[in-house]
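Below is one structure, written out as structure tokens; comments come after it.
The values are calculated or read from the model by the stated rules, or taken from the named source; none is laboratory data. Since this is a predicted model, take the numbers as computed values, not measurements. A quick note on method: Cβ atoms are made from the backbone with ideal geometry, for glycine too, and the neighbour counts reach across all protein chains shown.
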Amino acid sequence: MQDRQMLLLDKRTQGLVEDYVPDGEVLDGIVCFFSVFSDPTRVRMLSALAISEMCVTDLSKILELNQTTVSHQLRFLRNIGIVQAKRQGKIIFYSLVNDTVNDVLLKGVEFLGY
């Protein structure tokens, strides 16, 4: 015998929740986007890039990180479409694709009350 519990929600609210809660590809994309903020190195790099575009050398010196670490994280961020690269001669400059990532960072700071 299957246990059937009645929902306390009205049908309209139930429908809204079912329509709003993401699944499939949308859910995967949201999880991937927010996973970016789960790594302290990436958060520091994104915060720096929110101020100015930078090359690997500058990022590694300012943040006191190994260049290999910076390159690895930048490759990850490029692959998911958060950071873009622009070559100027022999130097590659990295920047945020748009302000959305910085907005999320600032909202996090605001939420935490800092």
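The helices (runs of 4 or more DSSP H) found entirely in segment 1-91 that carry 1 or more residues being at pLDDT 95 or above are 24-35, 40-51, 56-63, 67-79. The criterion of being among the β-branched types (Val, Ile, Thr), within 17 Å of ALA85 (Cβ to Cβ), touching a residue at least 12 places away in the same chain (Cβ under 8 Å) and surrounded by 11 or more Cβ atoms within 10 Å (Cβ to Cβ) holds for VAL70.
Residues in segment 1-50 that are under 20 Å from GLU64 (Cα atoms) and loosely packed, with under 10 Cβ neighbours inside 10 Å: SER38, PRO40.
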